[in-house]
Each structure stands twice: as structure tokens, then as C-alpha cells.
1. Return the whole-Å distance between the Cα centroid of segment 204-264 and the Cα centroid of segment 1-65.
2. Restricting attention to the alpha-carbon atoms of segment 99-197, what are Rg (one decimal) and Dmax (integer), both in Å?
3. Placing +1 at every Lys and Arg Cβ and -1 at every Asp and Glu Cβ, with all other atoms neutral, what dipole size does the chain have around its Cα centre, in debye to the nearest 20?
4. Rg and Dmax of the chain, Cα atoms, in Å?
5. What is the ratio of the Cα radius of gyration of segment 298-433 to 2.2 N^0.38 Å, with N the residue count, to two decimals?
6. Using amide H atoms built in the peptide plane, which far-off residues or other-chain residues are under 5 Å from His403 H to H?
7. If you look for lysine pairs in the chain that are eight or more places apart or on different chains, how many of them have Cα atoms under 27 Å apart?
8. If you take the charge dipole of segment 20-124 about its Cα centre, with +1 on Lys and Arg Cβ and -1 on Asp and Glu Cβ, which of Ala87, Ala33, Gly98 is farthest toward its positive end?
Amino acid sequence: MSQHEPLKVALLGAGSVGSQVARLLLEGRDELAHRVGAELELIGIAVRNVDAKRDVDLPSELFTTDAESLIARADLVVELIGGIEPARTRIRTALERGADVVTANKALIATHGPELFAIAQERGAQLNYEAAVAGAIPIIRPLRDSLAGDQVTRILGIVNGTTNFILDRMHERGDSPAEALRIATELGYAEADPTADIEGFDAQQKAAILASIAFHTTVPVDSVYREGITAVTSEQIKAATRAGYVVKLLAICEKVQNEAGEAAVSARVHPALVPAAHPLAAVHGGNNAVFIESMAAGDLMFYGAGAGGVETASAVLGDLVSAARRQVAGGPGLAASRHAELPVLPIGEVHTRYQIALQVKDEPGVLAKIAGLFSDHGVSLATLEQSIPERDASASHEPAAAHATLVIGTHLAAEHALDAVVQALSSDDSVHAVTGVLRVESAA
């Protein structure tokens, strides 16, 4: 091992991930020194409350509330505070000093990534964020480095463990949405306030990051279409199973063409029907997976734990070792590639397929009328499943209102046309209710 002077590491935050990072740094000090070519010296841990109880027993002398002075002495800064502020200010300060930064902060990278990357490039520093997407799963470096010579065309990602756990319970156990969420909360998969997960905000931020890297384009988080899983019903889950699908909340990033035939990017998050034979359909519980389609390498899937203190700490340590090796070797940090800067398509211009569930009047001419509504908007039908509920004659002396349930699958069409069909169906007097709308995703 070379005699490079020790590299000073400042850790910001000591929550479930930060405390595990500190433990792994201290316990693996000698081994990490051999891998890096220099000792990694943890010089302090900045926290709000030095006396707070923590999951890991760490030396008390490492804790401080003075993050600024810690950053001023560090060669490498690990930010695990979360949120936008003060994390953004802390990272800016570190990068402006020329220190390399490792973060797991998806919200910050998704919203302020370009600003921070610009500072890093100007100062010759490195900003690493492997743990910001999919926890322990290595996906940032494979996209940025391993596939740098290829052309990624599409990414389908299960990047939120909470929603995957809930949907998996609904499929595998028949749980209702409320029951699945209750169990997810009891087991620690869901926060007390699960809004960020079940409404898709967490996955939206991760989709913005993945699309930006894969397509060398700045993809603002607010340009990523978002739907959560709160509207997914048990009836939709059953209909999906009958049709050979599994419902997953997907982050979908694609290189597409706009209406003028020019290259563009689509990034969206929503519940989707995945064929039961697709590898993503077999991702169970709280696990994550990212499925990549590329021109030369073909189809690749990265699978594993999407969260957890020690699991995410593994990704943080990987970034830290990479940054430390660069400092030992010398040279500027690797700049983020945004050379393509393709336009981001609005959801209305994206082409998808739908599965639409309806309750309709059970009378002659209704099917033809509904088919006409699809045709009027340029959408063709691919499949149709009809069922008529049995009537309980003893329940009432009055005849029950005759109705049927339809589950209609469409061919590929522009999202704005499919949306117009749903609006037309909702206002038609032969339709009692549109009970479910899901997009269908499969191999390109």
C-alpha cells in the first residue's frame, strides 16, 4: 500500500444509514485502507443532538453540532441528513472547498442536481450519489460508467419498496389496500405518514435522476408525470391476475420521438400492468429492481434491497471508496454528462396501452356504442372481458338494475387520445362508472 496521507472523512447525519456508515468505516478501517491506498479517518459526525439515542454504539467524542468546522477540515464529506436544507448548503460548502461529496439525498439530487454538479465541475471535485436510487442496488455507476458506450433506450424501475410491498400483499395474500398499508406500517416498510411513497413522490424523484443519467439530459423532477397507488383497487388486482398481469408502481424512463419525429425523453411514474412472465413481476415484498433495455447490451436487471440502514450504507461506502481512490490517484472529478439535453415529453404525447374497467348497462347496443367511443378518438380495442353479476332474486321484490362489467384492453395509442376516451366513457349515459384505469407496460 502506498504511503498516501490519511484522507479525512466528515459524516453529516447519524440516522439509520449514517450510524451504519460510521460503524462500517470504523470496523473496516484497515481493509478499506488497503482498498483505497490511504487510510480513511472519520474525523467527526455532525448531528443536531449529540445525546440522542442511536442504534449503533459509536465513540461519543466523534459527535458535534458544528457541521461547518467539520466540513472545513475534511477531504471527503458524506451527507446523510436528508431533505433540501441544510443539506444543500452543506454540500455546496464542501464542493466549493474542493472536497468530494457522497450523498444518498434523492430529493436534493432530483431538484438541485445541475447546480451542485456545476460547482463540482468548476472546483474539480466529485459528487457521488449511488445510494439516492434503489438503496443497496448499484444502478447509478452502471448507467453512468458501465453503459457509457451503449445507448440506453428504456428503464422500468420498481424503486419504492413500500408500494411494492403493498401491491405484492394485494396480489399474493388478497389484502385490501388499507390492510396492506397497515401491515406495511407495522413492519416498518411504511412511514407514519406514507404520502411520499404511496402518492409516488419518492419514485418521481428517482425517475428524474435515472432519466437524467441514462439520456444525458437534465430532467426536472416536475416534468416527471406522477400517479401513486391510492386508486388501485382489489378488483383491479383480480382483473390483472385473470389477464396474466401483475400491478407494479413503475418509474418509466424512455428515449422516444416527439410528434415531429425528433428525439425526446419521457419520464413518468404510475401503477402499471406488467406481464406475469416479465422479470419485474417476480419482485416481491419491499425489494427494488431496475430493468434496463439498451441497444448493444440488451436487457439487464438489477435487483436487491431498496432500503435499510446497513444495506444503503453499503452503497454509500462504495461511493466513498471510489471518491477516495480518485483522490489518491489525483485528477479532477468526473463531470455529469448532460450533452444531449433532449426535450422532455408531456404525458399527453406519450404512447401507451390501457386496461379500462367499466360498469355498463346490460342492454342491446351498449358494446357497439362503447366501441364507437374508442373509434371516435382513434383508439383500437385489443381485448374485451365481460361479466354479468348474478342477481339475488330473494334480496328484493324490485328487479335489480341490469348491468355488466367490462374490462377493455387497448392497442398502443397517444396518451391524450386514451385520456379523451376515458372522459367520454365517464360522461356516457350507458356507463354507470369507470371503475379502473391502468397502463400496460411490457417489452418494447
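1. Spelled out, the Cα-based centre of one part sits 37 Å from the other.
2. My reading of the Cα-based Rg and Dmax gives 17.6, 54 Å.
3. Details: 35 positive and 56 negative charges, 142 e Å.
The dipole magnitude comes to about 680 debye.
4. Spelled out, the Cα radius of gyration and Dmax of the chain are 25.1, 93 Å.
5. Values: Rg = 26.5 Å, N = 136, 2.2 N^0.38 = 14.2 Å.
Against the compact-globule rule of thumb, the ratio is 1.86.
6. Placed amide hydrogens put Asp362 under 5 Å from His403.
7. Counting lysine pairs in the chain gives 12.
8. My answer, from the dipole projection, is Ala87.
The values are calculated or read from the model by the stated rules, or taken from the named source; none is laboratory data. Just so it is clear, the model here is predicted, and its values are computed rather than measured. FYI the Cβ positions are ideal-geometry reconstructions off the backbone, even for glycines, and counts take in every protein chain you see. Just the protein is used for accessible areas: all its heavy atoms, side chains included, with ligands, DNA and RNA removed. Shrake-Rupley method; radii C 1.70, N 1.55, O 1.52, S 1.80 Å.
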